[in-house]
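The values are calculated or read from the model by the stated rules, or taken from the named source; none is laboratory data. Being a predicted model, the structure only gives us computed values, none of them experimental. Counting neighbours? That spans all protein chains shown, and the Cβs are built from the backbone with ideal geometry, glycine included. The protein model used for the area step is the full one, side chains on, heavy atoms only, and it has no ligands, DNA or RNA in it. Shrake-Rupley method; radii C 1.70, N 1.55, O 1.52, S 1.80 Å.
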Amino acid sequence: MSTLNFPSWNDSHAATLGEPELLLYRSNLLGSDLRITNYGGGNTSAKIWQTDPLSGEQVEVLWVKGSGGDVGSMKLDGFATLYMDKLRALKKLYRGLAHEDEMVGYLPHCTFNLNNRAASIDTPLHSGLPFAHVDHMHPDAVIAIAAMENSERITQEVYGGQVGWLPWLRPGYELGLRLAEHVARNPDLRGIVLAGHGLFSWGDTSKSCYENTVDLIARAQSWLSQQRQEKQAQVFGGNRFDSLSSADRDETLARLLPVLRGLAHQGRAKLLHLNTSAEVLEFVNSADLEPLAALGTSCPDHFLRTKIRPLVVPEALYRLDGAELKMALEQLLADYRADYTAYYERCKRPTSPALRDPNPVVVLLPRIGMVTIALDKATARIAGEFYVNAINVMREANAVDRYVGLPEQECFDIEYWLLEEAKLQRAPKPKPLVGKVALVTGGAGGIGQAIARRMLVEGACVVLADIDQTALEETAATLAKSFSSDAVRGVRCDVTSEASVQAAFAQAAREFGGVDILVSNAGIASAAPLEDTSLALWQRNQDILATGYFLVGREAFRQMKAQATGGAIIVVASKNGMVASNQATAYCAAKAAEIQLSRSFALEGAPLGIRSNVVNPDAVIRGSKIWTGKWSEERAAANKVEEGDLEAFYRERSMLKRSVFPEDIAEAAYFFAAEHLSAKCTGNIVNVDAGNLAAFTR
């Protein structure tokens, strides 16, 4: 665990801020460093005197991070605001620990200024303390102390009596009362360690609160570092495995991850996130991996994200392939699901929500790293970050004392908390392509970009594949900024190279777990009279438009078959595949081959649920890269029009007298990708050409 300096407080900037903005500044500083708190973890508050919009009088208002927010990225609208006098008055309504959840229902009645941000379950912990500014963080160093067998004694030793200690209790109104009572009995404390949970700290100003918080964390880090040096304990019991070479790792993951992703599907598409960091490898390669993993995590925020414990994959499985690999992984997952179901049955209460997805979230791979699985990429990535926090906690706790997880029933009561269930039920309905991965060849071109954007709008993750590295990087950066860096990846791919295509799909497996949607769109265009069509020109068209479409189609088919969850192949061909154009023999023949390839994919894919369909564009001039070269000049010459008049020429030639744009092709591609729209369509062709009688499919 690093002991670098924490982010510094900027006095000049702070001097320009009001009290709410100072709270936001403090919160963002604390959330910017994962050593202080993890994504979505912890909360901050300030008690601020403001004018009541009803009475015009000055009233004390609690500003506290709202439910589900993240202190590192939140804005001012992420805070709930509540009248302090009303929060204090709630105490007379409290009926005891057995009824504490009902107190959450009173919080909306305390809302100040019609703020619709929901208050979190930790609100009573902040409102009950007498300090103007309060931080509740989940720093790895402090949680390591909070998760030690002798946590109370060690807290005293680390802080010399300046920090109090409370035994584990689920967050809620009762914990807020006990926290306030402890401070009342010990008014000189700088903070309190909550066993198995985290750190509460405070100050009279936002700056003093921040400095107190980071100082307490730094003291914990320094003490742990000194103890490790003195004890010279082996980390996680010492090394058991050596990491695979990068080449062997990537080859193993390319085989393993699509199968794992497919087996974890269970009726809902999921995405994977891979972490091969040094701290993860130290853990998964260690002698203590299995016994420590079985103990589960400690902090409630951790196992809400990661489940009570991970799945450890035996290293011997890496040598398996095909049916043997699938059978072995299937048995591992079946055993995990049975174990998780048994945990649910042991711990469930009469009011517990129904059993949720029993598949693992965290999968530990000795010699490789860690894979996390969730319904979307961001959630999978964040789950991995949380488990890294858990690894850090286990490392530090075991080096000094003995790491202990929370009791199983307590873990269950957090994971299946009715308040958490209500939060899940309030979540918006997912978009149609959430959990799906689309690989788009020619992804940096106009049509490719439009298709990628359409898929991203509907929730898909997208792998852009293109031979133009510069355009690829620019496009990936633009789309990541518009959507999310979690959802977009770029991979340089030459579709005429078998090795390059295979590497692109292997990278898609490492990034997301596999591919569900292939949009085969890479292309060129050429024109020449038949007698002037060279063998080189013919071969170039065949290499890119026929062989290239075969190679990417075959690799997509292999990966979809390994996943065993179906899939969609969309071939972006051309009107020229249906009806020849003058002086474009090589191009038209190659485009016809693409259409026949799609039919073959459909025929072999149908028993596997893999659908293959064709989109035939025509005359997509605006935004299309193929019109920036000689093709535009050649088509103008062949049709005896000025080059600048080509769009008007094609528009007037169409039956509908309309221009065709990249977004029109993207809409057709999305139709074939979306199962709720086209689940019963395969082997089909949709012409997006504004109407061309000769190109009618029948």
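Just a few scattered comments:
- Lone unmet requirement of (1) open to solvent by 30 Å² or more (accessible area, probe 1.4 Å); (2) at pLDDT 95 or above; (3) in contact with a Gly (Cβ under 6 Å, 6 or more places away or on another chain) for A80: (1)
- Residue list for the stretch 405-434, filter: part of a loop (DSSP other than H, G, I, E, B), at pLDDT 90 or above and either more than 30 Å from L677 (Cβ to Cβ) or of a type in the set (D, E, K, R) (or both): K431
- Residue within the stretch 579-602 that is part of a strand (DSSP E or B), at pLDDT 95 or above, hydrophobic (A, V, I, L, M, F, W, C) and open to solvent by less than 10 Å² (accessible area, probe 1.4 Å) present: no
- Only residues that are in a loop (DSSP other than H, G, I, E, B) and either closer than 30 Å to V400 by Cα or in contact with a strand residue (DSSP E or B) (Cβ under 8 Å, 6 or more places away or on another chain) (or both) were counted across the stretch 103-162, and they come to 18.
- Test: residue in the stretch 528-544 that is touching a Lys or Arg at 6+ places or on another chain (Cβ under 8 Å), touching a residue at least 12 places away in the same chain (Cβ under 8 Å) and open to solvent by 10 Å² or more (accessible area, probe 1.4 Å): no
- Test for T213: is it under 23 Å from A390 (Cα atoms), over 30 Å from the mean Cα position of the chain (by Cα), buried (at least 19 other Cβ atoms within 10 Å of the Cβ) and β-branched (V, I, T): no
- One residue stands out among those in the stretch 646-663 that are surrounded by 19 or more Cβ atoms within 10 Å (Cβ to Cβ) and either charged (D, E, K, R) or under 16 Å from G448 (Cβ atoms) (or both): the one that is modelled with the highest pLDDT, which is P662.
- Every condition in (1) open to solvent by less than 40 Å² (accessible area, probe 1.4 Å); (2) in contact with a strand residue (DSSP E or B) (Cβ under 6 Å, 6 or more places away or on another chain); (3) in contact (Cβ under 8 Å) with a residue 12 or more places away in the chain; (4) within 22 Å of H273 (Cα to Cα) holds for A480 except the one numbered (3).
- Picking from residues in the stretch 63-102 that are acidic (D, E) and part of a helix (DSSP H, G or I), the one that is nearest to T51 (Cα to Cα) is D85.
- Within the stretch 116-136, the set of residues being over 13 Å from K86 (Cα atoms) and modelled with pLDDT of 95 or more comprises L125, H126, L129, P130, F131, A132, H133, V134, D135, H136.
- Some residue of the stretch 296-303 being assigned to a helix (DSSP H, G or I), touching a helix residue (DSSP H, G or I) at 6+ places or on another chain (Cβ under 9 Å), modelled with pLDDT of 95 or more and open to solvent by less than 60 Å² (accessible area, probe 1.4 Å): no
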